[in-house]
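Quick notes on the structure that follows.
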Amino acid sequence: MKLKQRIKKEKITLPLVFKGYSRTMANAWYGKTQYDLRRYKNEFGTDAITHWHQKGYLCSSIKRYNLIDNYEVDYITDFQYLYLMPFNNSFGKWLDDMLTTQRVLLPFSEHFRKVYFSIIRREGKPLILRVGHEDREYTAEDILALLREKGALELRPAFWNSTKTRRLLTIGIDEDSGEEILYSNGYKASLSWLEKTIRGFSANYVIADPVSISFPFRNDLLLDHAIKLWVANDVNEQTAVLCAEMNSYYTDEDDGKRKTEISLIDLASGEFAFRGETLRIPNWDQVKEEICRVSASMPQLTIFTCSIALSPDGGFSFLRFSNSPKLPDVPFNKELDNYLKDKFNKQFKKRTLGDRFRGLRDKLLMRYIKKHGRKGIRPYMHKQWMDAARADLLHTKGVPLKTKLWAHKHGFLSFRTYQYGLTEQNYLRFLSDYDYYWLNRINNDYQKWVNDKTTYRYVMEPYKDFVPKYYFSCFKRGGKLFISKMWDCPADVPEGFEGLLEMLRRSGKLAFKASAGTHGDGFYCLSYEDGKYFINGKESSEAELKKTVESNKSFYVVTEYLEMNDELKKIYAKSVNTVRIMVVNAHGYDPKILQTYMRIGSEKTGYTDNVGYGGVCAMINTETGELYQPEQLVKHRYIPCPVHPDTGTPIAGKIPNWELVKEKVPEICRYFAELEYLGFDVAITNEGFQILEINIHQDLHKVADFTDEINEFFRRKMKQKGRQ
């Protein structure tokens with residue numbers, strides 16, 4: 001950046017930094033003000049724009065509030081609003097794209113258009129997936145066949161707020177030749193055009209039913225419309241619609257142009273203005289009530305917007321969602337304004353010297369990673385490698401420094417040299433730790449369906465019989481803990497900590513675990529027996545139990561505590577000994593189970609079955625379910641462990657209910673056809689099996705036992721990523 005530009009930038013950003021805002025926030029504001037000046041200086045003039053920038057408003061607000069003639073404006077400023085962003089936590093991803101939102105809000109499916117095909121890119125090529133259960137390869141011919149059946153379909157980006165073109169596909173008959181004609185947005189097209197268009201997609205798309213936005217607000221007025229609502233879950237700890245605006249689309253009679261009129265909707269009456277008259281939204285109270293029900297089913301979110309179109313049958317269909325809502329396009333009501341101002345006043349916190357030091361440290365770290373990390377590695381994953389390598393150097397015992405340095409140079413953590421038997425001659429045969437970090441992510445954006453346990457439970461609703469019952473979601477908002485009921489919690493159990501205690505007394509045992517935890521970290525077995533509470537087998541008071549629940553900073557879930565199959569309990573009963581199943585689903589319809597093994601806990605691991613912490617690992621014959629090659633890590637080497645070290649029980653025999661596992665795991669993979677690489681953690685029960693979680697980048701435990709097919713998969717993925 002030139003010196004003159006840097007001085008100009010610092011004149012704006014430094015005062016903000018001195019007031020306690022972050023440098024990131026100051027830079028973001030500077031960027032927005034400069035864009036304003038470039039785009040609108042001819043319309044409003046530099047002096048007027050600079051004046052309102054100093055007051056915290058952008059040119060969008062000059063238009064919204066008519067600030068050129070209105071100097072008494074007292075709305076929340078654009079600067080304050082920028083500070084509040086993002087409103088939602090990581091669960092805001094639920095509202096990013098159409099497929100995810102529909103799966104999370106499955107109980108409200110009547111308000112969503114039906115999606116037939118999902119189009120993604122895999123290894124540089126488009127992949128057309130039939131939404132639901134894949135059974136074969138699909139092509140543009142299948143889309144055309146469905147179009148003949150439906151008459152009209154929408155080809156649109158999967159992400160709600162994408163600006164890419166949406167296409168209404170229809171079928172017609174040529175009057176002269178009688179031949180079938182494909183139309184896209186009213187223009188003639190062809191099957192070859194459709195195939196070429198799909199090949200050119202760089203983002204995720206869907207084929208879905210179109211939604212009509214026409215509604216008879218009067219007998220003589222069929223109006224195209226979209227109702228946008230601002231909904232919050234933390235209005236005095238209640239869910240409420242804070243604001244609503246009507247977007248009315250019409251053709252001007254004078255010039256024949258398509259125009260939009262935006263007006264605020266009266267929250268009490270449902271009335272809105274259209275071209276000088278007042279119209280009313282029918283069943284307005286019922287619409288608001290249903291929107292609040294939808295919002296309350298996602299209590300983890302703070303505030304979002306949704307747009308709907310009314311249906312003649314009295315219902316509505318969703319048109320769009322946003323977890324990063326923009327301010328209304330027109331002057332809005334006090335309910336929303338006061339809510340936002342109050343949130344800013346509560347959330348604003350001056351950056352301390354420690355905050356700035358950590359920010360500088362992170363910035364320098366990102367620069368280092370960008371310069372020294374392998375091209376294509378995610379900064380987060382490179383940092384994971386750096387942390388793992390540092391911990392390996394400092395804490396791994398029994399490995400000479402020379403061996404550690406050799407291993408790190410070749411991309412391995414040092415204990416792998418013993419696990420895999422690494423030498424200078426054979427190390428290229430094994431997938432290294434750094435290569436695996438670099439490969440992340442193998443799956444696409446839809447991996448968000450299973451990369452935390454809360455989302456996983458929602459999207460697994462069609463297969464809930466194979467998922468533990470989820471009773472509560474524990475999360476913090478504004479520093480306060482919320483314990484919110486999930487779908488499997490009985491209706492008569494109350495919300496909050498009292499509800500958790502009630503559920504614990506009823507069931508006798510519950511699992512309390514991090515929503516995004518790994519390796520069993522943060523896992524607690526909560527139990528109740530003879531009027532006493534226990535945490536991981538240790539007697540605790542109700543106050544200690546509450547402190548355990550409240551002291552965790554991340555998101556947690558409370559689920560049923562699974563009882564393992566009686567036969568497997570004989571090996572070791574304290575932990576739920578899980579089966580890891582590696583599946584590759586290259587084409588969406590032909591998932592292959594490539595590796596299976598069981599992790600078995602021990603007295604060293606307690607209530608978890610982590611092999612690295614002292615558990616036992618036994619391979620499973622994928623076809624027969626027979627256990628074989630039981631091993632335990634001792635001084636970084638896998639050594640035979642034919643009997644359990646604590647119970648003395650032989651680790652052998654067939655996994656119970658294995659045929660059901662072999663049938664259902666691939667079926668679930670076809671349901672998640674967008675995901676290619678999955679690691680199922682399965683608990684075998686007396687009745688069948690339960691899937692505790694699905695990993696999208698599972699740990700490297702049994703690399704030395706990888707088959708040629710597994711190694712070829714990773715080689716192909718590395719080659720493909722190297723081309724990007």
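Taking θ as phi - 60° and the Karplus parameters 6.51, -1.76 and 1.60, the scalar couplings of segment 466-481 work out to 10, 10, x, 5, 9, 9, 9, 10, 10, 8, 10, 9, x, x, 9, 7 Hz in sequence order, x denoting glycine and proline. Ordering M386, T352, L422 by Cα displacement along the dipole of segment 352-427 toward the positive end leaves T352 in first place; charges were set at the Cβ atoms of Lys, Arg (+1) and Asp, Glu (-1).
So who's got an amide H within less than 5 Å of the one on S540, skipping anything under 5 residues away but keeping other chains? H placed 1.01 Å off N, in plane. Those lying under 5 Å, H to H, from S540 are Y533, F534, I535.
The string of couplings for segment 541-556 from the Karplus curve (6.51, -1.76, 1.60, θ = phi - 60°) is 7, 4, 5, 5, 5, 5, 5, 4, 5, 7, 7, 7, 8, 8, 7, 10 Hz, one whole number per residue in order, with x for Gly and Pro. A helix-only calculation puts the chain at -10000 deg cm²/dmol for mean residue ellipticity at 222 nm, using -39500 (n - 2.57) for each DSSP H run of at least four residues, averaged over all residues.
For the chain, the Cβ-based charge dipole about the Cα centre amounts to some 4760 debye (Lys, Arg positive; Asp, Glu negative; other atoms uncharged). This ranking places E544, E529 by how few other beta-carbon atoms lie within 10 Å of each, fewest first, which gives E529, E544. Each peptide in 635-643, 346-354, 621-629, 563-571 was scored by the mean count of other Cβ atoms within 10 Å over its residues; highest first, the order is 563-571, 621-629, 635-643, 346-354. For R441, the amide hydrogen comes within under 5 Å of no other amide hydrogen, counting only partners 5 or more places away or on other chains and with H modelled in the peptide plane. Expressed as a whole percent, the proportion of Cα-Cα pairs in the chain lying more than 42 Å apart is 39%. Charge tally around A203: other residues with Cβ under 15 Å, Lys/Arg +1 each, Asp/Glu -1 each, net +4. Helix 658-671 and the longest principal axis of the C-alpha atoms of the chain enclose an angle of approximately 20°.
Sort 663-672, 92-101 by the packing proxy (mean of other Cβ within 10 Å over each peptide's residues), most packed first.
92-101, 663-672
Packing order of peptides 686-694, 360-368, highest average first: 686-694, 360-368 (average count of other Cβ atoms within 10 Å over each peptide's residues). Since only S202, A244, S177 are under comparison, the one whose Cα sits farthest along the positive direction of the charge dipole of segment 167-246, derived from C-beta charges on Lys, Arg, Asp and Glu, is S202. Phi angles of segment 194-206 translate, via the Karplus equation with coefficients 6.51, -1.76, 1.60 and θ = phi - 60°, into HN-Hα couplings of 4, 4, 5, 4, 5, 4, x, 5, 10, 10, 7, 10, 9 Hz per residue; Gly and Pro are given as x. Around the amide H of W160, modelled in the peptide plane, lie the amide H atoms of D97, M98, all under 5 Å away and 5 or more residues distant in sequence or on another chain.
Taking other C-beta atoms within 10 angstrom as a stand-in for reagent exposure, D530, D47 fall in the order D530, D47, fewest first.
Only the coordinates and a few stated rules stand behind these numbers; no lab work does. Everything numeric here is computed off the predicted structure, so don't read it as measured data. Counting neighbours? That spans all protein chains shown, and the Cβs are built from the backbone with ideal geometry, glycine included.
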